[in-house]
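First the structure, in the form of structure tokens, and then the observations on it.
The values are calculated or read from the model by the stated rules, or taken from the named source; none is laboratory data. Because the structure is a prediction, the values reported are computed rather than measured. Backbone-built Cβ (ideal geometry, glycine too); neighbour counts: all protein chains shown. Calculation scope for accessible area: heavy atoms of the full protein, side chains included, ligands and nucleic acids excluded. Shrake-Rupley method; radii C 1.70, N 1.55, O 1.52, S 1.80 Å.
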Amino acid sequence: MGATDGVRWVLADGTVADPGKLWQTSGGRWEQPAPDACPAGHPLGPKKAIVGQQACLAVGGTHLSWTCLECGGTVMWPPATRRCDHTAFDGRAAR
Ligand SMILES: [Zn+2]
Ligand SMILES: [Zn+2]
């Protein structure tokens, strides 16, 4: 693991926030914090990352993933675990 170490999680307005929960914005929407940089340190943003979803039994739900358009590095929330069964996906993030 470690892909999420050192990642700063931010809301759309730039506020640093705990990725473990949803945050209500001033507009009343619920928002999941997003990483502000990929594992290689490239800044991520609306046009700099592909946001995806990965259904996963190991976490009992869905991973959100942010894939850097610059290098293909992926940050996931919740972080992938060893019990995760989406190896093709993990392979992309591995070095
Ligand atoms: Zn990158
Ligand atoms: Zn998983």
Is at least one residue of the range 64-84 free of Cβ contacts under 8 Å to residues at least 60 places away in the same chain, among the β-branched types (Val, Ile, Thr), in contact with a Pro (Cβ under 9 Å, 6 or more places away or on another chain) and within 16 Å of ligand 2 (Cβ to nearest atom)? no
Out of (1) at pLDDT 90 or above; (2) over 27 Å from residue 83 (Cα atoms); (3) open to solvent by 90 Å² or more (accessible area, probe 1.4 Å), the one residue 50 does not meet is (2)
Is the range 49-67 home to any residue that is within 11 Å of ligand 1 (Cβ to nearest atom) and over 12 Å from the mean Cα position of the chain (by Cα)? no
Of all residues in the range 1-17, count the ones that are open to solvent by 50 Å² or more (accessible area, probe 1.4 Å), touching a strand residue (DSSP E or B) at 6+ places or on another chain (Cβ under 7 Å) and not in a strand (DSSP E or B). 2
Failed criterion for residue 42 (all others in (1) under 16 Å from residue 4 (Cβ atoms); (2) more than 13 Å from ligand 1 (Cβ to nearest atom); (3) open to solvent by 20 Å² or more (accessible area, probe 1.4 Å) hold): (2)
The one condition in (1) touching a Ser or Thr at 6+ places or on another chain (Cβ under 9 Å); (2) surrounded by fewer than 18 Cβ atoms within 10 Å (Cβ to Cβ) that residue 21 fails to fulfil: (1)
